[in-house]
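Data first, discussion second: the structure below is written as structure tokens.
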Amino acid sequence: MIGSRNPDFLTGEGPNQSSEIQELETPEGELHLCFYTPSGDEFALPAIGIRETLFQSPEGITPIPNVSPLLLGTLNARGRVIWVADLGQFLGDPTALNTDRPELHVIAIEEQESMLGLVIDRVIGMAWLSPEELQPPKNIPDSMASFIRGEWVLPGEEGERHLRLLDQVAILRSARWAM
């Protein structure tokens, strides 16, 4: 009944509950979106720099002539036109992006008034990562060096994994878009 007081609700005790209060875990670090490029490399972007993630059909991306070959075209997201790029190709990934599928994963990054959609292979998920554990990147190609802030070395099933942190501002401001 609405408005009545249930003593079990107020105390947290009942037939299936204990009287101990469970503490919520406070996440440590900063929230990041983790994902793969077509070659299988793992990357992360700070959640604070991401406007949104979209699933877009390849037909929904309009090719634009006479622009950088890194740009796939534009898409319309709720009335806003967003340029879309192949992130793997931008970073020098030799593996081609498979656009022959029903939907593409697009991460819209933003800095001030600039927005860019980055097409990736697939999303891993969100993770709280500690900036204190970020290490200088090792063994990265020169083509991506200026866009990597560092990397986390994480345990994996087949040994260590390298999760590289991207600098979305450097990506947005890159002179590569003017090619």
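Only the coordinates and a few stated rules stand behind these numbers; no lab work does. All figures in this text were calculated on a predicted structure; none of them were measured in a lab. Glycine also receives a Cβ, built like all others from the backbone with ideal geometry; neighbour counts cover every protein chain displayed.
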Give me the net charge for the shell around residue 98: Cβ to Cβ below 13 angstrom, other residues only, Lys and Arg +1, Asp and Glu -1.
-3
Once all Cα-Cα distances of region 57-138 are split into 5 Å bins that start at 0, what whole-number percent is in each one?
3, 12, 21, 22, 19, 11, 7, 5, 1
Can you give me the Cα centroid spacing of region 121-149 and region 159-173 in angstrom?
3 Å
Once amide hydrogens are built 1.01 Å from N within the peptide plane, the residues lying 5 or more places from residue 72 or on another chain with amide H under 5 Å from its amide H are 84, 85, 86
Note, ³J(HN,Hα) from phi for region 53-59, Karplus 6.51, -1.76, 1.60, rounded to Hz, x at Gly and Pro
10, 10, 10, 10, 6, x, 5
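What's the FRET efficiency of residue 138 with residue 57 using the Cβ-Cβ distance as r and R₀ = 41 Å, to the nearest 0.05? The partial results should precede the final answer.
Working: r = 38 Å, r/R0 = 0.92.
For residue 138 and residue 57, the calculated efficiency is 0.60.
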